[in-house]
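Read-outs throughout are calculated quantities, based only on the coordinates presented, and are distinct from any laboratory measurement. All figures in this text were calculated on a predicted structure; none of them were measured in a lab. In this analysis, Cβ positions are derived from the backbone assuming ideal geometry, glycine residues included, and neighbour counts consider all displayed protein chains.
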Amino acid sequence: MFIIDQHAAHEKVLYERTIKRLKDRQTISQNINPPIILSLSMREEEIVREYMDYFNELGYEIEEFGGREYAVRSVPFDLFSVAKKDLLMEIIDDLSDDTSLKRQSDLIMDRVATMSCKAAVKGNNKLSFQEANALIDELMSLDNPYNCPHGRPTIISMSKYELEKKFKRII
């Protein structure tokens, strides 16, 4: 018997999809209207300028709006439901905290993992049979479908023997 954590599975699928698009330089963005206006501190503005290419690669379109304000006109397509102001500000804050500790590529991978986690279906959401099958099919097509980007298992298995032992059918 296999038990699949739908949140961890969806997170892994979104993460791998986004990483593949980044590597293939095939980012897909969703335009938003009206744009999100960010009012940034000096440090946040430095981070946005320093990582502008990476934000673009992720699917964000950010442009100067005047002063220390920036207009976000597009967000990553797969992560449209969560890639709004709060997540973007969280990414900027994380980049501000981590810049001296990690390489830029590691920082971006961490941010993609965070974005994928926030966009993934939650455990209490019900998936239709077709949605569950599609998620399982895509998960199983990955090179390593067994862990989400944060290391949690996506799939656990229990043999007939283990199941019978749990129900005290076997001593």
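Here are a few things to note about the model shown:
- Couplings 3J(HN,Hα) of the stretch 46-54, computed from phi: 4, 4, 4, 5, 5, 9, 3, 4, 5 Hz, in residue order, whole Hz [Karplus 6.51 cos²θ - 1.76 cosθ + 1.60, θ = phi - 60°; x for Gly and Pro].
- Relative to the longest principal axis of the Cα atoms of the chain, the long axis of helix 85-98 lies at roughly 90 degrees.
- For the chain, calculated [θ]222 nm from helices alone, where every DSSP H run of n ≥ 4 adds -39500 (n - 2.57): -15000 deg cm²/dmol
- Helix 104-119 vs. the chain, principal-axis angle (Cα, 0 to 90°, nearest 10): 60
- For the pair residue 127 and residue 85, the difference between a 0.36 nm per residue extended length and the Cα-Cα distance amounts to 12.4 nm.
- Ellipsoid semi-axes for the chain, based on the Cα gyration tensor and the rule √(5λ), read 38, 17, 14 Å when sorted largest first.
- Helix 6-24 axis, angle to the chain major axis (alpha carbon atoms, nearest 10°): 50
- Sorting 44-55, 160-171 by average packing, meaning the other beta carbons within 10 Å per residue, from highest down gives 44-55, 160-171.
- When you count the other C-beta atoms within 10 angstrom of each residue and take the mean per peptide, 7-20, 28-41 line up highest first as 7-20, 28-41.
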